[in-house]
Every structure is written in structure tokens, then in C-alpha cells.
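This report concerns only the one structure given below.
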Amino acid sequence: MMKVAMTIAGSDSIGGAGIQADLKTFYALGVHGTSAITAVTAQNTAAVEGAYYLPPEFVGQQIEAVAKDVPVAAVKTGMLASADIVREVARRVKLHGLDANLVVDPVLVSTSGHLLLDNDAVDVVKHELIPLALVITPNIPEAEVLSGKKIKDIENMKEAAYLLHKLGARNVLVKGGHANAVDVLFDGTEYRIYQPEVRVPGSFHGTGCTLSAAIAAELAKGGNLVTAVEKAKSYVTGCIKNHLHLGQGAFMIKH
Ligand code: PLP
């Protein structure tokens, strides 16, 4: 039977990141994609021009409608917008037993510099959502905010992964894309260091969303975490190699 994955994230009108990237990724990787939309952004390749947050209880209602009807094998979270939405998502994940394969992409700021999570929600993500996660996938700026540690090299990435694991995430993937392109995966015991396959010059929109969605898709199909991360990384690398230059700002990756 077709496996089901869910994304709990924001809509991106230009179709490069957020819900749109997640559903394309689920489709490309052969799982049925479902969604609970947290916020709608007016956005293009250059900027996030506006964001409209949905009421937290309506985010919860979307999750419930899906979870009571189909077996959701894996979930990813992306843009969660406000503290109350984060609280509702954490509550629903527990209520509907969605934490076994929960991938938390702790989205804070877009590549174009727009805040995608209110400042007062950061502590709620740390203490209510991260402890439920099978894996969290911060980039370097996100790992710095969440761990309180400045990251300059791979040793610092490992230290941040260690601190984030202590918050209760079962695994931590610190993504070095913004700096050295090295990724560090920590399971509480062992560090795996991934050197970049290729470095394609340019700024790309939607890579983080796509990676966490691809991990969720691979988990939904029954893969273990390490295999899911490795397959997801190679999926994103393929999408980056096939990027599109459609707008005035960042390149969009192609699924
Ligand atoms: N917009 C939405 C709705 C998102 O969920 C995200 C990332 O999670 C972004 C924008 C940021 O995308 P990027 O930083 O890749 O441009």
C-alpha cells in the first residue's frame, strides 16, 4: 500500500519552498503527501513580502482530519510561525501518536532574511517540539540560536549537535550548507560527517524544506534514519544540480 507522509508547514507562493516543495518531494519519492498549513506567505525568489498566520486551532483541525482517516507513517514540520501554533502542533503530534518518525526542520529565518518563527516561539520549539523529534535538521544559523553556541568549524558543529541532542531530539543533523557544506549527524553516540558531493555556486531557495521532506518520505517508506538521511541528501543534490533560474532572486531547485 502507498505510504503516507504529512507536512506541517507554511505555503510559499513562488512554489520553491514550504508546503509546495514538500508535496513535490513526497510525490517524487513515491509517497502520498498530506498537509497542515500553518501560514500563507506572499513570497517570490527575492523576498517574503508578507505572511498570514492561520489560527492555531485550525492548524490542529487539519492535522486531526488527516490523522483520523489515514495511517500517517512520517511527519515533517517546517515554518511554524507562532508560539501558539508550535504548542498546538506538539499537542497534536502527541495526541495522534505522530512522533515515531517526526522530522523537525526548525525554520527560523528565510534565506532572504524574513522571520518565519516569532522570537517568543523559539523556547517553545526547544522545550515542547524538539523533545518529540526523531531527528531535527537545523542549518548553522538555526543550530547557533537553538544551542547558544557560535559555530565556526566542524568541531563546533559537533558540539552544537551534542547540545541539541540533550534537548531530547533522538538524532541531530546540523547542515553546513551556509558555511562549509559539511553535514554532521549525531545519534547520541556516534558522529557521522558528510563531505559535500558537489558545490554548485549560487543561492538556492527551498533546499532545507526539501531535505527534511525527503527524510520524512524515506522514513515513511520504512528506511532507517541513516539511510533516509543519505538518500534525502542525494535527492536534494540532484534537485540543486537541476536548478531553475526563473526569477530575480535565488535559484529554485528542480524536483
Ligand atoms: N517560506 C516558507 C513557507 C518556508 O517554509 C521556508 C523554509 O522552510 C522558507 C520560505 C525558506 O526557504 P529558503 O530559506 O530556502 O529560501
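Length gained on full extension, ASP123 to ARG192, computed as 0.36 nm times the residue gap minus the Cα-Cα distance: 22.1 nm. Once the Cβ-Cβ distance between ASN180 and ASP99 is put in as r, and R0 is 30 Å, what FRET efficiency do you end up with, to the nearest 0.05? Plugging the Cβ-Cβ distance into 1/(1 + (r/R0)^6) gives 0.45.
As an exercise, find the ratio Rg/Rh for the chain from alpha-carbon atoms, using the Kirkwood inverse-distance average for Rh.
Over the Cα atoms of the chain, Rg/Rh equals 0.93.
If R0 is 35 Å, the Cβ-Cβ spacing of THR227 and LEU115 corresponds to a FRET efficiency of close to 0.55.
Modelled label positions at ALA47 and LYS166, each set 7 Å beyond Cα in the direction of Cβ, lie 4.1 nm from each other. Highest-first packing order for the peptide set 167-177, 151-161 is 167-177, 151-161, based on the mean count of other beta carbon atoms within 10 Å. Looking at the P(r) of region 1-52, how many percent of alpha-carbon pairs lie beyond 13 Å? The calculated P(r) of region 1-52 puts 56 percent of pairs beyond 13 Å. Residue pairs exceeding 19 angstrom between C-alpha atoms, taken from LYS158/LYS231; LYS175/LYS231; LYS3/LYS76: LYS158/LYS231. The amide H of SER11, built 1.01 Å from its N in the peptide plane, has ILE19, THR38, ALA39, VAL40, THR41 as neighbours under 5 Å, considering only residues 5 or more places off or on other chains.
Placing unit charges on the Cβ atoms of the charged side chains and taking the dipole of the chain about its Cα centre, the candidate lying farthest along the positive direction among ILE215, VAL103, ALA36 is ILE215.
Counting Cα-Cα pairs of region 107-255 in 5 Å increments starting at 0 gives whole-percent bin shares of 2, 9, 19, 22, 22, 15, 8, 2, 0.
Quick note: the coordinates plus some simple rules give every number you see, no bench work behind them. Computed from a predicted model, the values in this text were never measured in an experiment. With ideal geometry, Cβ positions are generated from the backbone for all residues, glycine too; neighbour counts draw on all protein chains shown.
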